[in-house]
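*Asks:* One structure follows; several queries about it will come next.
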Amino acid sequence: MKVYPKIPRYDHPVVSSELFDASDLTLIEKFDGSAFRFTLYDQRYAEHYPEQVANAADGDENFVFGTRKTIRGNHRDSLDDIDGALHRAVRCLREGVDIAALRTIHDEYDGPLIVYAENLVYSTLDYGYTDRDLPALVGFDVLPYAAIETMTPPGNPYEETFEGFLGIDTAREIFEHIRIDTAPTASSFVPATVLDHLDDGFAPEAYTFPPSSLAADIQVEGVVVRSDASARRAKLVREEFRELNREQFGQQPEDAESGAEYVVATYCTPARIRKQVRTMVVEECREFGLHLNDDLYLRVVEDIWAEDWPELMELDVSFTPADIYPLVAKRCITELRKMQTNADLNDTDPTTIWQHLS
């Protein structure tokens with residue numbers, strides 16, 4: 001399956017100001033979750049699929065699904081073999097997407113399609129995952145295999161256009177046709193929300209971000225501006241979201257304002273934290289919960305020293321080791337909360353969340 005093209009920020013050098021003067025602009029809500037894509041393996045069009053998709057399908061009429069860069073399996077695989085953060089999305093493929101309807105659409109396009117969606121898991125914005133029922137997948141783009149020239153982006157991913165993708169109205173018609181509207185909300189597939197159609201231009205700097213369609217008390221993460229005529233997209237992300245994202249995932253090293261912040265941004269990764277959590281829960285049989293942080297952050301710091309001491313000794317920044325501890329503790333408690341929320345959401349073991357997800 002083709003890797004979804006990168007959408008540049010509205011002020012990125014590759015974005016021409018002419019985009020915002022296009023007469024067919026559509027504003028789509030940008031949802032905060034995790035990238036997801038799926039395709040239905042249809043034996044009638046076997047020659048269209050790359051070998052990796054055919055192997056993952058393991059038979060006709062199976063949905064093959066993946067994250068942004070990696071194919072993960074098919075919807076009939078055991079959930080025990082699937083990353084916990086994908087369980088709700090896979091249940092959606094099983095219960096919320098109509099295989100027969102999608103096969104019919106394949107005939108209309110003389111071949112299969114790739115559907116791109118947002119997997120609604122807790123990342124940065126909490127839409128009220130523990131307080132309300134939310135759909136599992138939000139579809140936002142469709143690409144026929146017949147229009148694919150390369151499965152991977154060019155050297156500079158921002159130079160890639162959206163040539164060959166179906167128009168927004170056509171994509172939404174497909175979403176409505178293949179979604180099973182009787183599926184439980186927690187396993188449902190829905191189209192992305194269209195916020196506006198513009199035919200007289202758009203001024204990004206003056207835009208006021210509206211509430212999310214998922215929760216009236218939460219502002220959208222951002223919006224995607226798309227012109228199907230020019231096969232271009234651009235995104236606007238509100239500054240408050242970017243600040244919250246930094247709190248949730250930590251600063252980028254280049255944004256650090258002290259040596260301690262630089263070390264934590266570079267070495268205290270979510271993967272490192274989750275590794276220690278799994279050791280404590282799986283190997284040491286400790287009960288999962290926020291209380292783990294009493295020991296977790298100390299173990300993460302110890303792991304940083306043990307594995308990365310040679311690099312730390314060569315850093316061009318100075319830092320006080322004691323200043324590392326409170327910053328790591330804050331990162332760890334944030335990661336524990338996300339693991340807990342997404343485990344509840346996906347009805348799975350917290351230690352399976354983002355175990356090998358990319």
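*Asks:* I'd like to know if region 43-66 contains one or more residues that are modelled with pLDDT of 95 or more, crowded, with 22+ Cβ neighbours inside 10 Å, more than 21 Å from the chain's Cα centre (by Cα) and part of a helix (DSSP H, G or I).
*Replies:* yes
*Asks:* Moving on. From the list E240, E307, E302, E311, exactly one residue is within 29 Å of D11 (Cα to Cα) and in a helix (DSSP H, G or I). Which is it? Outline the logic, then answer.
*Replies:* Details: E307 fails: within 29 Å of D11 (Cα to Cα); E302 fails: within 29 Å of D11 (Cα to Cα); E311 fails: within 29 Å of D11 (Cα to Cα).
So the residue among E240, E307, E302, E311 that is within 29 Å of D11 (Cα to Cα) and in a helix (DSSP H, G or I) is E240.
*Asks:* To continue, here is another question. If you go through region 204-228 one residue at a time, how many are of a type in the set (S, T, N, Q) and closer than 17 Å to D11 by Cα? Steps first, answer last, please.
*Replies:* Pass one, region 204-228, residues of a type in the set (S, T, N, Q): 208, 212-213, 219, 227.
In the following step, the residues that additionally are closer than 17 Å to D11 by Cα were identified as 208, 227.
The total comes to 2.
*Asks:* While we're here: Based on this model, can you work out whether R88 counts as of a type in the set (K, R), over 20 Å from K2 (Cα atoms) and touching a strand residue (DSSP E or B) at 6+ places or on another chain (Cβ under 8 Å)?
*Replies:* yes
*Asks:* State which residue pairs qualify: first residue among the small types (G, A, S) and inside region 301-325, second residue assigned to a helix (DSSP H, G or I) in any location, beta carbons under 6 Å apart, and separation of 6 or more residues or different chains.
*Replies:* Every condition considered, the pairs that remain are S318/G259.
*Asks:* In region 252-297, how many are under 25 Å from the mean Cα position of the chain (by Cα), polar (S, T, N, Q) and farther than 18 Å from T320 by Cα?
*Replies:* 3
*Asks:* Just to be sure I understand, how many residues within region 128-159 are more than 18 Å from T39 (Cα to Cα), crowded, with 19+ Cβ neighbours inside 10 Å and not hydrophobic (A, V, I, L, M, F, W, C)?
*Replies:* The first filter runs over region 128-159 and keeps only residues more than 18 Å from T39 (Cα to Cα), leaving 128-135, 153-159.
The next check asks that each one be crowded, with 19+ Cβ neighbours inside 10 Å; those that pass are 134-135.
Those left that are additionally not hydrophobic (A, V, I, L, M, F, W, C): 135.
Matching residues across region 128-159 total 1.
*Asks:* Going by the conditions given, is I105 in contact (Cβ under 8 Å) with a residue 40 or more places away in the chain and assigned to a strand (DSSP E or B)? Full working, then the answer.
*Replies:* Working: in contact (Cβ under 8 Å) with a residue 40 or more places away in the chain: yes; assigned to a strand (DSSP E or B): no.
Spelling it out, it is not the case that I105 is in contact (Cβ under 8 Å) with a residue 40 or more places away in the chain and assigned to a strand (DSSP E or B).
*Asks:* Have a look at D77, D83 and point out the one that is in contact with a His (Cβ under 8 Å, 6 or more places away or on another chain), of a type in the set (D, E) and within 20 Å of Q355 (Cβ to Cβ). Reasoning before the result, please.
*Replies:* Details: D77 fails: in contact with a His (Cβ under 8 Å, 6 or more places away or on another chain).
After applying the criteria, what remains is D83.
*Asks:* If you don't mind, there's one more thing I want to ask. What's the number of the condition Y297 fails, among (1) surrounded by 15 or more Cβ atoms within 10 Å (Cβ to Cβ); (2) touching a residue at least 40 places away in the same chain (Cβ under 8 Å); (3) within 16 Å of K330 (Cβ to Cβ)?
*Replies:* It is condition (2) that Y297 fails.
*Asks:* Can you give me the number of residues within region 128-157 that are assigned to a loop (DSSP other than H, G, I, E, B), closer than 24 Å to I28 by Cα and either modelled with pLDDT under 95 or not assigned by TED's automatic domain parsing to the domain that holds P50 (or both)? Before you say what the answer is, go through the steps one by one.
*Replies:* Step one: list which residues in region 128-157 are assigned to a loop (DSSP other than H, G, I, E, B), which gives 128-136, 148-156.
From what's left, closer than 24 Å to I28 by Cα: 128-129, 132-136, 148, 153.
Still in the running and either modelled with pLDDT under 95 or not assigned by TED's automatic domain parsing to the domain that holds P50 (or both): 128-129, 132-133, 148, 153.
Final tally of qualifying residues: 6.
*Asks:* Under 13 Å from F65 (Cβ atoms), in the same structural domain as A57 (by TED's automatic domain parsing), modelled with pLDDT of 95 or more and not acidic (D, E): does that describe I114?
*Replies:* Values: under 13 Å from F65 (Cβ atoms): yes; in the same structural domain as A57 (by TED's automatic domain parsing): yes; modelled with pLDDT of 95 or more: yes; not acidic (D, E): yes.
Answer is yes for this residue.
*Asks:* In region 152-169, what residues are of a type in the set (V, I, T) and either out of contact with any Asp or Glu (no Cβ under 9 Å at 6 or more places or on another chain) or free of Cβ contacts under 8 Å to residues at least 24 places away in the same chain (or both)? Steps first, answer last, please.
*Replies:* Within region 152-169, the first condition is being of a type in the set (V, I, T), and the residues that meet it are 152, 161, 168.
Scanning region 152-169 gives T152, T161.
*Asks:* Residue check, L93 against (1) within 21 Å of the chain's Cα centre (by Cα); (2) more than 20 Å from E149 (Cα to Cα); (3) surrounded by fewer than 18 Cβ atoms within 10 Å (Cβ to Cβ), all met but one. Which one?
*Replies:* With (1) within 21 Å of the chain's Cα centre (by Cα); (2) more than 20 Å from E149 (Cα to Cα); (3) surrounded by fewer than 18 Cβ atoms within 10 Å (Cβ to Cβ) applied to L93, the lone miss is (3).
The values are calculated or read from the model by the stated rules, or taken from the named source; none is laboratory data. Just so you know, these numbers come straight off a predicted model, no measurement behind them. Cβ coordinates were reconstructed from backbone atoms using ideal geometry, including for glycine residues, and neighbour counts include every protein chain displayed.
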